[in-house]
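This report refers to the structure that appears directly beneath it.
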């Protein structure tokens, strides 16, 4: 039923139903990513079934965006609890169908099993002559992110704890959780033009991503501002929350965290604007390994290597 | 810790730890398979942790064997119950290390999560100019299997129900469950020489594999013997079990079920013997779609499309 709903891949692939999947090999290197979604830890309150299946694919799209690789195909391994109805499974399949179209990928294979948790393991495949790796940042490079942080943490608080906010912040925050959308186009263009010296996906949160990125390059980061929008700051303050916690240590973020050599900043900014995106220039790369410091002149603290703890 | 135990891949791969895995592309087409092992349904009593992690990879090897494709690399997505100890995780990792060596594959990436069930999702990658598909059997072809069936069913009964048998049957049966070993070398050689007109992996059991294989080719099968060894038949009879049930409707079998054109049988048999393997010629392909018949002159019945029901 699943296959009927989300459809067979195009002719050049082997039809789903043989022992393996087969796809033509393009020039370059094979890029591949597996990401497992587990119901208990990865599905927030209020997320619909088609949004869950979409999210399982989006997690891989986010990594591909950070590396600058176009997704070509996915395989999906499902662990389905026995209490799911046929209608539920159909909803999951509908989510996969939408996702195929949204990201222009083929579903070429997978596996179905029974399990206690809902488990969706997505394996994504692409080809590329070159990717932007985590290592490559040099002292003096700028540290940037591709969007504001904090909305997903706010969205989770709204969904899980029924926090009240004004409508605009609410809509943006909730959408960032239920319909996360990685900056794929932006990542592809930056990689193609060699504009990032290093980059990483931010789904474990900004702080941990900064630590992982700087560690891979053997450098440190010094931030002088947080990537936030005014409306979020206002909401955070009026609810007596900490903006640092929300922005640095929240998770479920689908932005790219990257470094850009100083001399490339101008062309990077021009390109990003032309594409209709926004960059947040949040600091610079230093030669002090293992150190991620925030210092905006008035406030100075070490950014901790704290990751996102799942909402189980 | 996992990576430390099973090791980083060779230099030409991207080291595990970036957002994606990367591998060089060989000539041919990309062959890929995902298979999810779930503790509750796929792990029999008595199976040790390193055997469990090995089995999760073997399930993919079995499909690659049937298609005649050499495995090159795997990615592993893990769902680990929170009550697993570090020692347990180390044992799982040791199993992956052995498996890498046994099948000469690289582990190039994956994902780790917490889940209620133990879940190991293996994604296997290889390259091939040509695979043996499920479709391709022609009326008149011989139906063959690459080994005797029934030992895994017997092994499960020994492990789960403590069935008593003589030592030799016991050892062979239990080993077939705990250390299943697909006929990879045989599958590779048969595919290279174009000897199979169609083939399928048999892990869901002989009956269902015969039905799926014949259906994919739009043909029927007529069997005139069951692929069994005498010692198993003796044990089955002395325990008042049905040899048909054990051989046709059991599961956890890791043989190849295939068809061979009549005129290629001689060279196929010669090759198989030279490689130190054995073929069981169990019947022929007919032009009656949806029909898998057994008829050895004295006994005649329809082989049902009954699959293997997991031992949960």
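Hey, any hits in segment B:178-190 for a residue that's on the phi > 0 side of the Ramachandran plot and either surrounded by fewer than 22 Cβ atoms within 10 Å (Cβ to Cβ) or touching a strand residue (DSSP E or B) at 6+ places or on another chain (Cβ under 9 Å) (or both)?
To start, the set of residues in segment B:178-190 that are on the phi > 0 side of the Ramachandran plot comprises none.
Taking every residue of segment B:178-190 in turn, none turns out to be on the phi > 0 side of the Ramachandran plot and either surrounded by fewer than 22 Cβ atoms within 10 Å (Cβ to Cβ) or touching a strand residue (DSSP E or B) at 6+ places or on another chain (Cβ under 9 Å) (or both).
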Single unsatisfied condition, residue B:87 versus (1) within 14 Å of another protein chain (Cβ to nearest Cβ); (2) surrounded by fewer than 23 Cβ atoms within 10 Å (Cβ to Cβ) | (1)
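Let me confirm something: among B:241, B:154, which residue is surrounded by fewer than 22 Cβ atoms within 10 Å (Cβ to Cβ) and farther than 13 Å from residue B:66 by Cβ? Quick ask: steps written out before the conclusion?
Working: B:154 fails: surrounded by fewer than 22 Cβ atoms within 10 Å (Cβ to Cβ).
Of B:241, B:154, the one residue that is surrounded by fewer than 22 Cβ atoms within 10 Å (Cβ to Cβ) and farther than 13 Å from residue B:66 by Cβ is B:241.
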Segment B:204-222, subset within 17 Å of residue B:65 (Cα to Cα) and out of contact with any strand residue (DSSP E or B) (no Cβ under 9 Å at 6 or more places or on another chain), residue surrounded by the most Cβ atoms within 10 Å (Cβ to Cβ) = B:205
Qualifying residues in segment A:9-25 (those that are more than 8 Å from chain B (Cβ to nearest Cβ) and not in a strand (DSSP E or B)) - the one surrounded by the fewest Cβ atoms within 10 Å (Cβ to Cβ) = A:11
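Residue A:40: farther than 21 Å from residue B:34 by Cα, facing another protein chain (nearest Cβ under 8 Å) and out of contact with any strand residue (DSSP E or B) (no Cβ under 7 Å at 6 or more places or on another chain), yes or no? Write out each step before concluding.
Details: farther than 21 Å from residue B:34 by Cα: yes; facing another protein chain (nearest Cβ under 8 Å): yes; out of contact with any strand residue (DSSP E or B) (no Cβ under 7 Å at 6 or more places or on another chain): yes.
In short, yes.
Assess whether residue A:225 counts as being out of contact with any helix residue (DSSP H, G or I) (no Cβ under 9 Å at 6 or more places or on another chain) and within 27 Å of residue A:55 (Cβ to Cβ).
Values: out of contact with any helix residue (DSSP H, G or I) (no Cβ under 9 Å at 6 or more places or on another chain): yes; within 27 Å of residue A:55 (Cβ to Cβ): no.
So residue A:225 does not fit the description; no.
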Being surrounded by 15 or more Cβ atoms within 10 Å (Cβ to Cβ), in contact with a strand residue (DSSP E or B) (Cβ under 9 Å, 6 or more places away or on another chain) and within 21 Å of residue B:16 (Cβ to Cβ) narrows it down to one of A:64, A:6, so name that one.
-> A:64
Criterion: in contact (Cβ under 8 Å) with a residue 12 or more places away in the chain, part of a helix (DSSP H, G or I) and not assigned by TED's automatic domain parsing to the domain that holds residue A:60 - qualifying residue of A:247, A:228 | A:247
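Conditions (1) in the same structural domain as residue A:184 (by TED's automatic domain parsing); (2) on the phi > 0 side of the Ramachandran plot; (3) in contact with a helix residue (DSSP H, G or I) (Cβ under 9 Å, 6 or more places away or on another chain), marked per residue:
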{"site": "A:216", "(1), (2), (3)": "yes, no, no"}
{"site": "A:237", "(1), (2), (3)": "yes, no, yes"}
{"site": "A:240", "(1), (2), (3)": "yes, yes, no"}
{"site": "A:259", "(1), (2), (3)": "yes, no, yes"}
{"site": "A:266", "(1), (2), (3)": "yes, no, no"}
{"site": "A:291", "(1), (2), (3)": "yes, no, yes"}
May I ask you to list the residues in segment B:135-160 that are within 12 Å of residue B:228 (Cα to Cα) and touching a strand residue (DSSP E or B) at 6+ places or on another chain (Cβ under 6 Å)?
-> B:145, B:146
Does segment B:230-253 include one or more residues that are touching a strand residue (DSSP E or B) at 6+ places or on another chain (Cβ under 8 Å) and within 20 Å of residue B:185 (Cβ to Cβ)?
-> no
Number of positions in segment B:83-104 that are out of contact with any strand residue (DSSP E or B) (no Cβ under 8 Å at 6 or more places or on another chain), under 26 Å from residue B:126 (Cβ atoms) and not in a helix (DSSP H, G or I) | 0
Can you find even one residue in segment B:119-127 that is surrounded by fewer than 16 Cβ atoms within 10 Å (Cβ to Cβ) and under 18 Å from residue B:16 (Cα atoms)?
-> no
Which residues, counting only those in segment A:33-82, are assigned to a helix (DSSP H, G or I) and over 16 Å from residue A:177 (Cα atoms)?
-> A:63, A:64, A:65, A:66, A:67
Filter pass, residue B:30 being closer than 23 Å to residue B:202 by Cα, facing another protein chain (nearest Cβ under 8 Å) and not in a helix (DSSP H, G or I) | yes
Scanning segment A:250-264 for residues that are part of a strand (DSSP E or B) and within 14 Å of another protein chain (Cβ to nearest Cβ), the one surrounded by the most Cβ atoms within 10 Å (Cβ to Cβ) turns out to be A:258
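The values are calculated or read from the model by the stated rules, or taken from the named source; none is laboratory data. Small disclaimer: the values here were computed from a predicted structure and weren't measured. As a convention, Cβ positions derive from the backbone with ideal geometry for all residues, glycine included, and neighbour counts pool all protein chains shown.
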